[in-house]
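The values are calculated or read from the model by the stated rules, or taken from the named source; none is laboratory data. No experiment lies behind these values; they were computed from the predicted model shown. Neighbour counts run over all protein chains shown; Cβ positions are idealised from the backbone, glycine included. Note: areas computed on protein heavy atoms with side chains; ligands, DNA, RNA excluded. Shrake-Rupley method; radii C 1.70, N 1.55, O 1.52, S 1.80 Å.
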Amino acid sequence: MAIDAHQHFWTYDAARYGWIGDNGLHALERDFLPADLRPLLDQRGIDGTVAVQARQDLEESEWLLGLAADHPWIRGVVGWVDLASTEVEGQLERLGAARGGERLVGVRHVVQDEAPGFMDGADFRRGVATLGARGLAYDVLVLERQLEEAVRFCGAMSGQRLVLDHLAKPRIAAGEIDRWAALMRELGAMEHVTCKVSGMVTEADHEAWTYDQLTPYMDV
């Protein structure tokens, strides 16, 4: 079985998805819905996908779970709850009770937009620790400059299944690899941490990238 481990759906709205325009990803400034994806999966022999949050609100996560309920080939949803909040348990209960709630497989927070030290916070770590008891993974979304913090965080969360998104967004366009590679190898030694090969094109020149640009990072 072949699964696309990282997929976004949205009905595009510039205000709600400001990160798209802010990063010049103009090709993404349109709707992306299951009907757009299914033919592409069929062409490539992919059996299903995992939908991942792109907004930090519960309503989007409930919407994604509803899509999964309507389309069984959406095998799972990585949603969002406020992990640093005292309300985290109630928010997880809310998503679990939503239509399609049984498809919730993980949670993600957009740490790449947070101030330094966010993952060191006791409240945030306590929230992440609640996920394991529910069988949920936590997706680690960081930039290359946050990797040292990510290594500390992952090392402290040995009881939690962790998934690194987008190879921690290495600086492919700049051709920088050495520091990133050393820190990635530290994460690679942690058995509870896995990594998605995803999101690389946007870290290269997303209008003129080549396989040769990406290969050294995939090799690491």
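Counting only protein chains, not ligands or nucleic acids, how are TRP19, TRP80 ordered by accessible area (probe 1.4 Å), most first?
Final ranking, largest accessible area leading: TRP19, TRP80.
Multiply the residue gap between ARG126 and ALA156 by 0.36 nm, knock off their C-alpha separation, and tell me the result in nm, one decimal place.
Value of the extension gain: 9.7 nm.
For the stretch 54-111, what does the equivalent ellipsoid look like in terms of its semi-axes, each the square root of 5 times an eigenvalue of the Cα gyration tensor, given largest first in whole Å?
19, 12, 8
Grab the DSSP H runs of the chain that are 4 residues or longer, score each as -39,500 (n - 2.57), total them, divide by all residues and round the 222 nm result to the nearest 500 deg cm²/dmol.
Taken over the chain, the calculation gives -10500 deg cm²/dmol.
Mind ranking 145-152, 32-39, 60-67, 85-92 by how tightly packed they are, going by the mean number of other C-beta atoms within 10 angstrom, highest first?
Result, highest mean first: 60-67, 145-152, 85-92, 32-39.
Kindly report the accessible area of the chain per residue (heavy atoms of protein chains, probe 1.4 Å, no ligands, DNA or RNA), in Å².
49 Å²
Rank GLU144, GLU102, GLU93 by mean-square fluctuation in a GNM of the chain with C-alpha springs under 10 angstrom and give only the top-ranked residue.
GLU93
Could you sort 118-126, 105-113 so that the peptide with the highest average Cβ count within 10 Å comes first and the rest follow in order?
105-113, 118-126
Report, as a whole number in µm² per second, the diffusion coefficient that Stokes-Einstein gives for the stretch 87-162 at 4 °C and 1.567 mPa s using the Kirkwood radius over alpha carbon pairs.
So the translational diffusion coefficient is about 99 µm²/s.
What length, rounded to one decimal in nm, is gained on full extension from ASP219 through to VAL201, with 0.36 nm per residue of separation minus their alpha-carbon distance?
The span from ASP219 to VAL201 would gain 4.9 nm if fully extended.
What are the ³J(HN,Hα) values, in whole Hz, obtained from phi via the Karplus relation 6.51 cos²θ - 1.76 cosθ + 1.60 with θ = phi - 60°, for each residue of the stretch 31-47 in sequence order, with x given for Gly and Pro?
Along the stretch 31-47, the couplings run 5, 10, 10, x, 5, 6, 7, 4, x, 5, 4, 4, 4, 9, x, 9, 7 Hz.
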